[in-house]
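What follows is a set of notes on a single structure, which appears directly below.
Derivation of every value follows stated rules applied to the coordinates shown; laboratory data play no part. All figures in this text were calculated on a predicted structure; none of them were measured in a lab. Don't worry about glycine lacking a Cβ; one is built from the backbone with ideal geometry, like all the others, and counts go over all protein chains shown.
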Amino acid sequence: MTGYFKLLIVLIVVLLAFASQVEARLGETMEQCEKRYGKPTSSEEFGGIQGLAFKKNDFTIRVFIINGKCGMISYEKEGELINKPLSKEEIEKFLSSNSQDFEWEVKDTMGEAYSTSDELLMQDLMRDAMKCIRWRRRDGAIAFYNKLESQLVFTTKKALEIGSKNEKDSLDGF
């Protein structure tokens, strides 16, 4: 019996290790991304941020490495001329894979539009709701599916902070 229990414990540990690796996407290192998706099809650097593109099955995966970890990742399903729309099941799978034990909550952009009295803000929020579905995690990470480009993007709070800092810096000197 002791040999059986040792084997069972080893199998459980191996399965747990495999399951945790399969679940993590945001937060992975470049090496983990290459192990998951294969050799990158392209690589670029943007001011200290490493951008990698991968092909897996019918998908193009773009990964942005910030401080050694994946801070942003996008998924596109390749089509003839334009990206194919992702199915509800595919979106749910990617949301689950990038949850890191947090729940994704849908951000109701349409509801926000109706709750404002500012007509320009309302128009922007309505237009955004028509083309995009957004989710947010308690840790500040966000996901959005751009319906027009059929692109699903996940980003960490840290990547958002870097992006907003770079956006402000681009106006220096005006």
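Observations on the structure shown:
- Rounded, prolate or oblate (a/c below 1.5 giving rounded, otherwise prolate when a/b exceeds b/c) for the range 48-115 by Cα gyration tensor: oblate
- Relative to the current alpha-carbon distance between Asn57 and Gln32, full extension at 0.36 nm per residue lengthens the span by 7.2 nm.
- R0 of 25 Å, Cβ-Cβ distance Leu120-Glu161: FRET efficiency to nearest 0.05: 0.40
- Listed residue pairs exceeding 30 Å between alpha carbons, taken from Lys93/Lys158; Lys39/Lys107; Lys35/Lys158; Lys39/Lys131: Lys39/Lys107; Lys39/Lys131
- On the basis of the beta-carbon distance and an R0 of 30 Å, Met130 and Asp101 show a calculated FRET efficiency of 0.40.
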